Amino acid sequence: MIEILDRIPQRPPFRFIDRIVSVDEHRIVGEHTFDPDAWFYRGHFPGDPVTPGVILLETMCQTGLVAFGLHLLAAEGKADDGLVTLFTDAKVEFEAMVPPGETVRVEAERIAWRRRKLVVNAALTRSDGVVAARGTVAGMGVLRRALP
């Protein structure tokens with residue numbers, strides 16, 4: 001599981017997956033702790049910061065699409081050299097706020113995996129068990145050299 005983390009292209013300060021708890025061909029579980037000093041808290045409700053929804057969505061995608069996609073490619077014996085996962089679609093509902101310093105868990109279950117396109121049901125849960133966001137996200141692995 002550490003080798004999957006090593007292959008994820010996102011790096012700090014825009015990496016929102018610290019560890020993979022479990023992964024198989026049907027689902028993945030990952031965790032991330034939001035640094036209370038992260039750059040986005042300074043301007044997102046100063047004095048009473050919360051994690052922006054777009055960052056929560058990115059967190060869901062890094063676990064549910066990028067890390068899971070890398071695992072699924074490896075399970076098929078396919079190299080991921082030069083692939084970058086591009087976000088293609090989301091239908092997510094935000095249900096609770098995530099404060100700075102919170103550890104969240106992302107659980108994603110595969111709906112579809114075909115031709116490097118992955119669709120998952122994902123949920124992001126706070127450490128107190130409250131679901132902060134849930135929905136469907138999709139992405140596709142694209143060769144970096146094919147990008148404009």
*Do we have any residue at all in segment 20-36 that's of a type in the set (Val, Ile, Thr), surrounded by fewer than 20 Cβ atoms within 10 Å (Cβ to Cβ), assigned to a strand (DSSP E or B) and modelled with pLDDT under 95?*
no
Of the residues in segment 107-146 that are under 17 Å from the mean Cα position of the chain (by Cα) and not in a strand (DSSP E or B), the one that is nearest to residue 67 (Cα to Cα) is 116
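So which of 50, 104, 84, 66 is in contact (Cβ under 8 Å) with a residue 12 or more places away in the chain and in a loop (DSSP other than H, G, I, E, B)?
50
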Residue hits (segment 84-109; farther than 22 Å from residue 129 by Cβ and in contact with a Lys or Arg (Cβ under 7 Å, 6 or more places away or on another chain)) are 84
Original post:
Could we say that residue 55 is within 12 Å of the chain's Cα centre (by Cα), surrounded by 12 or more Cβ atoms within 10 Å (Cβ to Cβ), free of Cβ contacts under 8 Å to residues at least 60 places away in the same chain and not in a strand (DSSP E or B) here?
Top reply: yes
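Taking residue 138, is it in contact with a helix residue (DSSP H, G or I) (Cβ under 8 Å, 6 or more places away or on another chain), under 20 Å from residue 21 (Cβ atoms) and modelled with pLDDT of 95 or more?
The answer is no for residue 138.
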Scanning segment 18-74 for residues that are within 17 Å of residue 139 (Cβ to Cβ) and either of a type in the set (Asp, Glu) or touching a Pro at 6+ places or on another chain (Cβ under 6 Å) (or both) gives 58
| In this structure, is residue 120 crowded, with 19+ Cβ neighbours inside 10 Å, at pLDDT 95 or above and in contact with a Lys or Arg (Cβ under 7 Å, 6 or more places away or on another chain)? | yes
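The values are calculated or read from the model by the stated rules, or taken from the named source; none is laboratory data. Just so it is clear, the structure is predicted and the values come from calculations on it, not from any experiment. Cβ sites come from the backbone with ideal geometry, for glycine too, and all protein chains shown count toward neighbours.
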